[in-house]
Amino acid sequence: METAAPPIVTSDSNLYITTDELKPYVSEPSKNYKEDYNQLIKAGTVYISIISSIEIPLICLAIYAVYSLIKLHHSAPVFVINLLASDLIQIVCMLLFTSPSMWTISLTTMMWTSYTGFYFMTCIAIERYVLISHPVWHRSQRSVKCFVCTSLTGWLLPFILIIIFLLLLSFDIIPDFILIEILFYMPLIFYAVIIVCFVGSCRSLSHSISLTPVKKQLVLAPLFFVLMSYTFLILPINILLIVRNNNTSSLFRFTGVLYLLNPLVDCLLYVFMRSDAENIIRTPHCCSRLKRVETEMGQTTSTDVQR
């Protein structure tokens, strides 16, 4: 007699998803993937509610602030706005994880917005690299049509790929574990592009003699910020999903918490879009310089007293 499969626990101990509600996986490795996805939401309903209540107002405020820069300075931080919009949708999907009836659609939407966010983070890195390495070409190709086409591609392409992925998964055209393996390895491609852009930008800035050190930091700051965010908040959970070690459930919960903090950190990109960003970056240097001067004055005073 065939026994029923045990329920799979999701984000809350009272919420269960039985294996009958999900498409049965064919191969043994693919069973680990279901467990991995359940580990993504082990942070708990309380934590998700708290972090969402903080992130949603901040992201809405950041979107409004970045949009106001377009009217004030006639600039177009379009990719930052799109990134924040994808983060906002992703946070709403996090809240839907607490409802068993909405688990599938919320997971699908979260996958879509996650890859949309990866796309726009890569676009920010590429745009910054082109701005630094090829400023003349960047100025000539900077148009509304280009931004609109790139933004639409960022939203439509991941959506189409996710739909194709689900169809292939449903009809068993390609083995499940191969499809999910591709899904988990794709973020590494975005990460590689961001690293290449960062290294290329650093090399270009090292040969520049017309920019002051503070100006160089200001130009490179958004790209460095995107790289650090991707490295420490997004990449850890992706690596654990690829490794699929059964003894890393606590690591899955920890890296899941880091991943959920990514939308909150993305709001800080607004700082680097401000016209007074140079003053913000210069402030720590001024404070350290003032502290160094005070220390030197104190040492001079103590030397005079000893004399």
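The values are calculated or read from the model by the stated rules, or taken from the named source; none is laboratory data. What you are looking at is a predicted structure, and each value in this text was computed from that prediction instead of being measured. Cβ atoms come from the backbone with ideal geometry, glycine included; neighbour counts cover every protein chain shown.
Restricting to the stretch 64-91, name every residue that is among the β-branched types (Val, Ile, Thr) and modelled with pLDDT of 90 or more. Talk me through it step by step, then tell me what you get.
To start, the set of residues in the stretch 64-91 that are among the β-branched types (Val, Ile, Thr) comprises 66, 70, 78, 80-81, 89, 91.
Scanning the stretch 64-91 gives Val80, Ile81, Ile89, Ile91.
Check off (1) free of Cβ contacts under 8 Å to residues at least 60 places away in the same chain; (2) crowded, with 16+ Cβ neighbours inside 10 Å for Ile174 and give me the number that stays unchecked.
For Ile174, the exception is condition (2).
Tell me, please, whether a residue that is more than 28 Å from Ser133 (Cα to Cα) and either of a type in the set (Asp, Glu) or assigned to a helix (DSSP H, G or I) (or both) can be found in the stretch 184-204. Don't jump to the end; show me each part of the working.
Kept after step one, since they are more than 28 Å from Ser133 (Cα to Cα), are these residues of the stretch 184-204: 184-185.
Among the residues that remain, those that are also either of a type in the set (Asp, Glu) or assigned to a helix (DSSP H, G or I) (or both) are: 184-185.
Yes, the stretch 184-204 has at least one match.
Tell me which residues, restricted to the stretch 249-270, are of a type in the set (A, V, I, L, M) and in a helix (DSSP H, G or I).
Filtering the stretch 249-270 for residues of a type in the set (A, V, I, L, M) gives 251, 257-258, 260-261, 264-265, 268-269.
Correct list: Leu251, Val257, Leu258, Leu260, Leu264, Val265, Leu269.
Do we have any residue at all in the stretch 116-138 that's out of contact with any strand residue (DSSP E or B) (no Cβ under 8 Å at 6 or more places or on another chain), more than 27 Å from Ser208 (Cβ to Cβ), free of Cβ contacts under 8 Å to residues at least 24 places away in the same chain and among the small types (Gly, Ala, Ser)?
Within the stretch 116-138 (the criterion being out of contact with any strand residue (DSSP E or B) (no Cβ under 8 Å at 6 or more places or on another chain), more than 27 Å from Ser208 (Cβ to Cβ), free of Cβ contacts under 8 Å to residues at least 24 places away in the same chain and among the small types (Gly, Ala, Ser)), the answer is no, since none of the residues qualifies.
Of everything in the stretch 142-152, what is touching a residue at least 24 places away in the same chain (Cβ under 8 Å), surrounded by 11 or more Cβ atoms within 10 Å (Cβ to Cβ) and among the β-branched types (Val, Ile, Thr)? Give them in sequence order. Break it down stepwise before answering.
Pass one, the stretch 142-152, residues touching a residue at least 24 places away in the same chain (Cβ under 8 Å): 142, 144, 147, 150-151.
Right, trim to surrounded by 11 or more Cβ atoms within 10 Å (Cβ to Cβ) and you get 142, 147, 150-151.
Once the filter is applied, which keeps residues that are touching a residue at least 24 places away in the same chain (Cβ under 8 Å), surrounded by 11 or more Cβ atoms within 10 Å (Cβ to Cβ) and among the β-branched types (Val, Ile, Thr), the stretch 142-152 yields only Thr150.
List the residue pairs whose Cβ atoms are under 6 Å apart, where the first residue sits in the stretch 178-191 and is in contact (Cβ under 8 Å) with a residue 24 or more places away in the chain, the second is polar (S, T, N, Q), and the two are 6 or more positions apart or on different chains.
Pro187/Asn238; Phe190/Thr122
Can you tell me which residue in the stretch 103-149 is farthest from the chain's Cα centre (by Cα), limited to those that are small (Gly, Ala, Ser) and over 18 Å from Val199 (Cα atoms)? Break it down stepwise before answering.
In the first step, residues of the stretch 103-149 are kept if they are small (Gly, Ala, Ser); the result is 106, 114, 117, 125, 133, 140, 143.
Now drop any that are not over 18 Å from Val199 (Cα atoms), which leaves 106, 114, 117, 140, 143.
Numbers: Ser106: 18, Ser114: 8, Gly117: 6, Ser140: 29, Ser143: 26 Å.
Step by step, filter the stretch 103-149, then rank; the result is Ser140.
Using beta carbons and a limit of 6 Å, which pairs, at least six apart or on different chains, have the first residue in the stretch 258-275 and modelled with pLDDT of 90 or more and the second one part of a helix (DSSP H, G or I) and among the acidic types (Asp, Glu)?
Pro263/Glu55; Pro263/Asp87; Asp266/Asp87
Has the stretch 173-182 got any residue that is assigned to a helix (DSSP H, G or I), under 15 Å from Asn82 (Cα atoms) and modelled with pLDDT under 95?
Taking the stretch 173-182 as the starting set, the residues that turn out to be assigned to a helix (DSSP H, G or I) are 176-182.
In the following step, the residues that additionally are under 15 Å from Asn82 (Cα atoms) were identified as none.
Within the stretch 173-182, not a single residue is assigned to a helix (DSSP H, G or I), under 15 Å from Asn82 (Cα atoms) and modelled with pLDDT under 95.
Considering the stretch 201-228 alone, what residues qualify as being surrounded by fewer than 16 Cβ atoms within 10 Å (Cβ to Cβ) and of a type outside the set (Val, Ile, Thr)? Explain how you work it out, then say what you get.
Going residue by residue through the stretch 201-228, those that are surrounded by fewer than 16 Cβ atoms within 10 Å (Cβ to Cβ) are 202-203, 206-215, 228.
If the condition is that a residue be surrounded by fewer than 16 Cβ atoms within 10 Å (Cβ to Cβ) and of a type outside the set (Val, Ile, Thr), then Cys202, Arg203, Ser206, His207, Ser208, Ser210, Leu211, Pro213, Lys215, Met228 are the ones that fit.
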